[in-house]
Each structure stands twice: as structure tokens, then as C-alpha cells.
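What follows draws every value from the coordinates through simple rules; no lab data is involved. None of these values were measured; they are calculated from a predicted model. Don't worry about glycine lacking a Cβ; one is built from the backbone with ideal geometry, like all the others, and counts go over all protein chains shown.
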Amino acid sequence: MILQSIFNDNRDILKNIWFSSVAYTLMLALRRLGLKDTQLAKAQCGTIRLKLLKIGAQIRLTVRKVWVCLSEAYPYQELFRQVYANLVRLCLVPLSTIGGLRVLPLSEN
């Protein structure tokens, strides 16, 4: 019983380490590829998370589309547009060909 408990605890710890490693790797890739030539190019992970990822949005679902509406009061809209454009430019396969997905540019409101 004690060995089973230790094994389960270690498995949970390893799972947490794995998720943290994947998240950190994705954050580094975002910084290197998406944030290139922006004001957050050398920012720490917490700053990127606060200014770019931790934003409010309204999600509307229809039969064929998922609409993500960002707040007009979001202070880093231009930075978000620039990062989005950087990431779309990197796609080797056009996003519109993946499963009928239509990617529309962010509105210039």
C-alpha cells in the first residue's frame, strides 16, 4: 500500500513537470517566433502571459463557426495583431485548408 501511494505521488509529480515543460517550450517558441520585432521580444513569461494571453473575450458558437470577440478596451490590440500576423506568416500550410477552417484577420476597429 505504501509503495502504491509513493508511485502515484511520483506519477502526479512527473505529470506536472511534463506539463510545465511543454508550457515553457511553447512560451519560448511564442517569444522567438511570434514576438520577434515587438516590444515583448525579450519579455519574461509572466509579462507575456499578463499582456498577451490573459485577456477577456466573448465566444459565440454557431453551427459552422466559432467567433472569438476581443474587448475593444484591450490596451495591447496592435501588439496582438502584430503577433497574430507573425504567426500566420510562419504557417507552411495555409490555415484555410485545414479542415475547412477559415481564419479571418482581426478587424481594424
Original post:
Where the centroid of each part is defined by its Cα atoms, how far is the range 52-70 from the range 21-42 in Å?
Top reply: 22
**OP:** Report relative contact order for the range 2-97 in percent, whole number only (criteria: Cα-Cα under 8 Å, sequence separation at least 6).
**Re:** 23
**OP:** Would you mind classifying the range 2-97 by shape? Square roots of the alpha carbon gyration tensor eigenvalues, ordered a ≥ b ≥ c; an a/c under 1.5 is rounded, otherwise it is prolate if a/b is larger than b/c and oblate if not.
**Re:** prolate
Original post:
Mind listing the phi-derived Karplus ³J(HN,Hα) values for the range 50-58, rounded to whole Hz, using 6.51, -1.76 and 1.60 with θ = phi - 60°, and x for any glycine or proline?
Top reply: 5, 8, 10, 9, 8, 10, x, 8, 9
Original post:
Ranking ILE55, ILE13 by Cβ neighbours within 10 Å, fewest first, what do you get?
Top reply: ILE13, ILE55
